[in-house]
1. Roughly how many Å² of Asp174 are accessible to a 1.4 Å probe, to the nearest 10?
2. Over the chain, what is the percentage of antiparallel beta bridges among all DSSP beta bridges, to the nearest 5?
3. Out of the total accessible area of the stretch 396-468 (probe 1.4 Å, heavy atoms of protein only), what percent is carbon and sulfur?
4. Can you tell me the length gained on complete extension of the stretch Glu407 to Asp140, counting 0.36 nm per residue apart and subtracting the Cα distance?
5. For the stretch 189-276, what is the charge dipole size about the Cα centre, in debye to the nearest 20, if Lys and Arg each add +1 at the Cβ and Asp and Glu each add -1 at the Cβ?
6. In nanometres, what is the gap between the two model label sites at Asn580 and Ile357, each 7 Å from Cα along Cα-to-Cβ?
7. Given a Förster radius of 45 Å and the C-beta distance between Lys621 and Glu557 as r, what FRET efficiency does 1/(1 + (r/R0)^6) yield to the nearest 0.05?
8. Explain nothing, just the number: dipole magnitude of the chain about its Cα centre with +1 on each Lys and Arg Cβ and -1 on each Asp and Glu Cβ, in debye rounded to the nearest 20.
Amino acid sequence: MLKYLIVLLYIVVFVSLVSSDRTKDKIYENVVGNMCFRRLNSTHQTGCSSAGKSAGSVGVLHYIEKEEDINFIINDAPAPPYAPILKPKFFTRENILKLRDSKFVSAIILINDTSDMTHFSQESKCPNQFFRHINQPVCDVTKPETVWNPYGTGLLHENFDIPIIFLANKNESDKVVKCFKDFNTDLEGQAGKALCSIELFSFMSAAGNSEVCIRRSKFAGFLKQITYCDPLQGKNIYGTLFPRKIVDPENRTNDQSEKIILISARLDTTSMFDGIALGALDSLASVATLITSAHYLRKIVSNDVFEKNNVNVLFVLFNGESYDYIGSQRFVYDLKKKNAFPSPASYRKPLTMDNIIMMIDIGPLDGFDTLSIYSINGANGIANKFSASAQAYNEKFGLNVNITTRETMSLPPVSAQTFLRENSSFPAFVVAAKKPENKFYHSVFDDAGNLKYSYQNKSLDFDKLDVVQDTKEASVQNKIRNIATLLALGVYDILTDQKYTGEGIASSALVDEFLYCYLVATKCRLFDSIFVFNDDYRGSNYPPQRYISVQASLTLEATGWAYRVFGFVLSEKVDKDKENCTELPLYWIPGSLKNGECRLTTQNLSYAISPAFEEEGYNFKSNLYSTWTESTWTDLSARIFLRPSIAHESFTFLIGLFIMIISFLLVYFVKSKADILFSEVVNAEHESLPAQC
């Protein structure tokens, strides 16, 4: 017995010392990237999906170095199907649609190699063109004045029944290119060799359009909890320059004497690939301008102004505007609905569109040195008055911004379109670039480099205003600060009916810190000063994503940070200690100097989900509201492996077929000769039995 225990002990020790990999891990090597995914609206589906829920899409890697390589895949195809590896310069509409429609292509890989790239935008040439205001000219590529995104390919709105993956990390890009060069470069002999291939899993559950998808989800819900798609939704962020009075939520009535100047910008952005959309020049510059203007006005305007003329300034960041103005549509919908905005939970009086005396919408700011003020029908003269004030302060402070006023029916893709769609005489005008210059609109490459942003890291007190002497440096921080200054002072003149005589201008340090937090990492000075972190979370080394997303995956990260920034820039210090500063609208923050401050805040959140998903029995064909949804999916993954040659696969198949046939024949033979083959055994058994009496 002892020797058996010793042998067993040796076996246990031996097994514990052996480290063996699973066969799967030796065959496959994972690839980390960002998948193109599926979205739907009232008419069709867009985006990408792999071949099946369990099988995925498999293709032989082929590196595209020239246009002829694409023709090789489509025409010759010695070892199909293929998964071409493309640089951004080859990711054109013509090439991608050609690959999509080829029967020899099963997947597409985009690598992060920006060499020779001049522009890259998957958005259409006229974003949100079907939800423009009623007098907006139809988009016509032959008329440049109607086109806002001349570099657009429209691929964001195409449907692909094959997966597309973007490898943002250079190491991942190098991995797949190296695998191609190691095994797949002998093009003539591909059919007879083992080839490096990729397997992509990105199966999308939704299909058809939003109406069909939602109906399928409701029907399936009777049987079990199945969701095929979710409405795009998030939160709008708003805050007022002056605190509004708290009222009883049961007795809230609209006060027509309260007047509002609405200043807005777009919070969200988008791209073709999941989890990677920075929108630096697209919309983040506009958000930074609004934030900095709000901070500046809070510093130079006292609450006495509101008490004197009952005019307040409402700052709003609309969410989901990239998808047919989701946020602003819901905002207007709530303004029209009795006592819906702000909600009763805000304890403030409701507002309507009649309370708004002027809307200033901050659009794309491509090229910060030239600023255009777009208005329709003069916007009741307010645009010209605002322009005159801004120009005067531009000369006073030497901000070097070329300001022009344009009375036109053709506006950029901005939230004001929604208000003008509701009321063509609504007093709105747009502050935006003179002409579109963003070559990476709604793409993965609209990042800090496209904005020409470099963190200055001056460790300045960003809660303080700049002085006039700081206006000369030509950094993007100063350019945004200059525009924010002119915007705020134009509003100042309207609010106070007098000229600003101070010397302070908006804070470039605030712009610097805000852009760092949203383009580089949430572990940053600004966020660290406006939020009390704990040991479990102190920010991350990545920027927040500003794609609107869906309720199922809603983290509110980008929205949550913007909400807190609003709470900082639109608040005023109050003399209370931390123990007595615990309930909103009071909020305790560390402060820019980390001394600890109690702030009286005005910010809040409202819904940013299309009314189409709120109204019972909504007609999805009416084109009244945005109808965008996002498909659900399971795991998204990619891995490369060495696929055997066609000859090897055929040989293996034939051997298997041969063995199967032999097995059938052998079984048949044994069964048919069973009485002969097993007769001796039977007789032997019979002989062992006792004789019957």
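The values are calculated or read from the model by the stated rules, or taken from the named source; none is laboratory data. It should be emphasised that the depicted structure is a prediction, and the values quoted were computed from it without experimental measurement. Don't worry about glycine lacking a Cβ; one is built from the backbone with ideal geometry, like all the others, and counts go over all protein chains shown. Heads up: the accessible areas ignore ligands, DNA and RNA and are worked out on the full protein's heavy atoms, side chains in. Shrake-Rupley method; radii C 1.70, N 1.55, O 1.52, S 1.80 Å.
1. 70 Å²
2. Counting only bridges with both partners in the chain, antiparallel ones make up about 60 percent.
3. Result for the stretch 396-468: 45 percent of the exposed heavy-atom area is carbon or sulfur.
4. Gain on extension, Glu407 to Asp140, equals 94.2 nm.
5. It works out to roughly 140 debye.
6. It works out to 3.6 nm between the two label points.
7. Calculated value: 0.80.
8. Result for the chain is approximately 680 debye, rounded to the nearest 20.
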